[in-house]
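Peer 1: Here it is, the structure in full.
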Amino acid sequence: MKISQKKLFFTCNLCLFISAFIAGLSFVAQKSGMTYMGPFTFNAIRCFLGAACLLPLILFNNKKYSQKKNHSHKFLLVKGSIISGILLFIALSVNQYAMIYSQAGKAGFITSLYIIFVPIISIFLKEKIKPNVLLSIILSVIGLYLLCVKESLKFEFYDIFLIISAFFFSIHLLVLSHYSKKCSTINLSSLQFLTVGILSLPFMFIFETPLLTSIMAGYKPLLFAGVVVTGVAYTLQIFGYKAVKPILATLILSSEAIFAVLGGIVLLDEKLNLNEVLGCLLMTLAIILSQLDFKNTINRKNIIKEIIYEKISSKQNI
């Protein structure tokens, strides 16, 4: 791995961690936003805000690299944006609907099961999973359960919708991972949000009654969810896919559960019980374990042994 590639890999990992950090702290804003407006109204406005706040960067980016772009690149960008936007719209809408009837902790746990779906789908795509990564996935699921589920995990009908949303989140992640390597991160992110916003509009007017007074009353959670979460966090997440494989990316993004708990401690003066402490530790261990490259470590040790052996042999010959 070249130095530039190492820097890119480190930067992409850092972007994913920042994205998970913002997502973990966004729960309060999203929850409070629902007290002012319906889910389709909230999703439509936040996605339009997210797309709009990226517009200056898009104009600058297009002006700087306009000569390098061709019709093939534009087609890939539009195709990737529409596909990812449709998948994100389905995942967000189904998940929001299911959360009305499900417990928040259980909903968070089931939704986070995309960390299982991604490696399963990756196996069908003929991608190998390292043993340490497989162990990390198992530890993450156990950690998520300890963090999210406060009562017994009793399966109910609406939990099926949460599982469906987790599946669509995993497909969405894999699609973004594919197109992020071929398209501009900012353009892909903005057009994706624009797609979600447009798809949310008809449902907003059919199933909800959006009022300007309610929207203005909930401007704080809307701005945070639209600009910080949608515009910044999701864009960083897409950039992170450029050098980090989807399976590792899901493990890093699952750390949002840790940040959500820490945010509750700092912002809401909440306290951790023993299960939550164990959950945080297991998830932290899982993320660290997933980043270790045992194969390269073994190769380095073998190279060092060969060098030492050669030096000893040369001295004996003398």
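Peer 1: Only one of 136, 214 is over 27 Å from residue 84 (Cβ atoms), surrounded by 14 or more Cβ atoms within 10 Å (Cβ to Cβ) and small (Gly, Ala, Ser); which?
Peer 2: Only one candidate qualifies: 214.
Peer 1: Another question about this same structure. Taking the condition of being within 24 Å of residue 168 (Cβ to Cβ), aliphatic (A, V, I, L, M) and in contact with a helix residue (DSSP H, G or I) (Cβ under 7 Å, 6 or more places away or on another chain), how many residues in the range 196-221 meet it?
Peer 2: 4
Peer 1: Can I ask one more? Do we find that residue 52 is assigned to a helix (DSSP H, G or I), out of contact with any helix residue (DSSP H, G or I) (no Cβ under 7 Å at 6 or more places or on another chain), small (Gly, Ala, Ser) and modelled with pLDDT of 85 or more in this structure?
Peer 2: For residue 52, the condition - assigned to a helix (DSSP H, G or I), out of contact with any helix residue (DSSP H, G or I) (no Cβ under 7 Å at 6 or more places or on another chain), small (Gly, Ala, Ser) and modelled with pLDDT of 85 or more - is met.
Peer 1: Continuing with the same structure: Is it the case, given these coordinates, that residue 102 is at pLDDT below 70, farther than 26 Å from residue 244 by Cβ and either aliphatic (A, V, I, L, M) or not in a helix (DSSP H, G or I) (or both)?
Peer 2: For residue 102, the condition - at pLDDT below 70, farther than 26 Å from residue 244 by Cβ and either aliphatic (A, V, I, L, M) or not in a helix (DSSP H, G or I) (or both) - is met.
Peer 1: Taking interchain pairs and intrachain pairs at least six residues apart, which have beta carbon atoms under 7 angstrom, with the first residue in the range 107-133 and under 12 Å from residue 245 (Cα atoms) and surrounded by 19 or more Cβ atoms within 10 Å (Cβ to Cβ) and the second modelled with pLDDT under 80 and among the polar types (S, T, N, Q)?
Peer 2: From residues that are under 12 Å from residue 245 (Cα atoms) and surrounded by 19 or more Cβ atoms within 10 Å (Cβ to Cβ), the pairs are 133/290.
Peer 1: Within the range 55-83, take every residue that is of a type in the set (A, V, I, L, M, F, W, C) and more than 16 Å from residue 181 (Cβ to Cβ) and give me the one that is modelled with the highest pLDDT.
Peer 2: Only one residue fits best here, namely 82.
Rundown of residues vs (1) touching an Asp or Glu at 6+ places or on another chain (Cβ under 6 Å); (2) more than 24 Å from residue 235 (Cα to Cα); (3) modelled with pLDDT of 80 or more, yes/no style:
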site	(1), (2), (3)
88	no, no, yes
93	no, no, yes
111	no, no, no
122	no, no, yes
142	no, yes, yes
154	no, yes, no
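Peer 1: So for the range 206-223 (the condition being basic (Lys, Arg) and under 23 Å from residue 23 (Cα atoms)), does at least one residue qualify?
Peer 2: The answer is yes; a qualifying residue exists.
Peer 1: Among the listed residues 182, 220, 242, identify the single one that is over 10 Å from residue 50 (Cα atoms) and either part of a helix (DSSP H, G or I) or modelled with pLDDT of 85 or more (or both).
Peer 2: Just a single option satisfies the conditions, and that option is 220.
Peer 1: Exactly one condition in (1) touching a Lys or Arg at 6+ places or on another chain (Cβ under 9 Å); (2) modelled with pLDDT under 85 is not met by residue 12; state its number.
Peer 2: Result: residue 12 passes all but (2).
The values are calculated or read from the model by the stated rules, or taken from the named source; none is laboratory data. All figures in this text were calculated on a predicted structure; none of them were measured in a lab. As a convention, Cβ positions derive from the backbone with ideal geometry for all residues, glycine included, and neighbour counts pool all protein chains shown.
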